[in-house]
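Data first, discussion second: the structure below is written as C-alpha cells.
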C-alpha cells in the first residue's frame, strides 16, 4: 500500500475514533444526569478543527485532488463535492464549538442543541471519509503515476496526525496527552492511540 494511502486511512481511523467517542461520552453523562467535562470536549473539538480541518483536508484538496483531476476526468464532480465538504467542515466545526460554549455558559437548556450539532457533524464527517475511502483512494491507486506518489508520500509523511500514531509536534504534545488520558476507558480512543500521548 502506498504511504499516502496508508496515512490517509490511519488518520481517518483516528478521526473516526475521536468522532465516535464524543456522542458516547455525552450519552454517558446524560444517563448519569451530570454535566460533561467541558475542558475535555473543548480539547477534542480544538483537535478536530486544528488537525483534520487545517492539515489533513488541505493536503487532500491542495495535493491529492489536483493530481487526480490532472490524470482522469472520472469523479470530477465527486472531487468538487469533497472539496466543498472540506470548506463546509470548517464552518460546521465552528457551529459545534459555539454550541458547546452555549451549553457550558447557559447550562442544561443548551445540552440538546449541542448534542444535535455534534451528532450532525459526526454523521457528516463519517460519510465524507467513507466516500473518500470507497471512491477516491481506489481511483488514485489506479491512475496516479510513480512520480505523483513520490511527491504525495513526501508531503503526507512530513505532516502526520499524532492520534494516528505519529510523533506529536512539541506544541501539541500536551493536547494529545490530555485528550487520550481524559476520555474514559469504556468509551476511550483505544490502546492503539495511547502511544501518541507517551
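The values are calculated or read from the model by the stated rules, or taken from the named source; none is laboratory data. Please read these numbers as outputs of a predicted model, since none were measured by experiment. Methodologically, a virtual Cβ is constructed for each residue, glycine included, from the backbone with ideal geometry; neighbour enumeration extends over all protein chains shown.
Yes or no: the stretch 27-37 includes at least one residue that is touching a helix residue (DSSP H, G or I) at 6+ places or on another chain (Cβ under 6 Å) and touching a residue at least 40 places away in the same chain (Cβ under 8 Å).
So far as the stretch 27-37 goes, no, none of its residues is touching a helix residue (DSSP H, G or I) at 6+ places or on another chain (Cβ under 6 Å) and touching a residue at least 40 places away in the same chain (Cβ under 8 Å).
Pick out, from the stretch 81-173, the helices (runs of 4 or more DSSP H) lying fully within it that include 2 or more residues that are touching a strand residue (DSSP E or B) at 6+ places or on another chain (Cβ under 8 Å) and at pLDDT below 95.
none
From the list 68, 48, which residue is surrounded by 18 or more Cβ atoms within 10 Å (Cβ to Cβ), out of contact with any strand residue (DSSP E or B) (no Cβ under 7 Å at 6 or more places or on another chain) and either modelled with pLDDT under 95 or under 16 Å from residue 18 (Cα atoms) (or both)?
Only one candidate qualifies: 48.
Of all residues in the stretch 22-35, which are surrounded by 19 or more Cβ atoms within 10 Å (Cβ to Cβ) and under 21 Å from residue 177 (Cβ atoms)?
Residues satisfying the conditions are 22, 25.
Starting from residues that are exposed (fewer than 15 other Cβ atoms within 10 Å of the Cβ) and free of Cβ contacts under 8 Å to residues at least 40 places away in the same chain, keep the ones in the stretch 51-65 and report whichever is farthest from residue 175 (Cα to Cα).
So the residue we want is 62.
Return the residues of the stretch 3-21 that are buried (at least 17 other Cβ atoms within 10 Å of the Cβ) and over 15 Å from the mean Cα position of the chain (by Cα); say none if nothing qualifies.
Answer for the stretch 3-21, where residues must be buried (at least 17 other Cβ atoms within 10 Å of the Cβ) and over 15 Å from the mean Cα position of the chain (by Cα): 4, 5.
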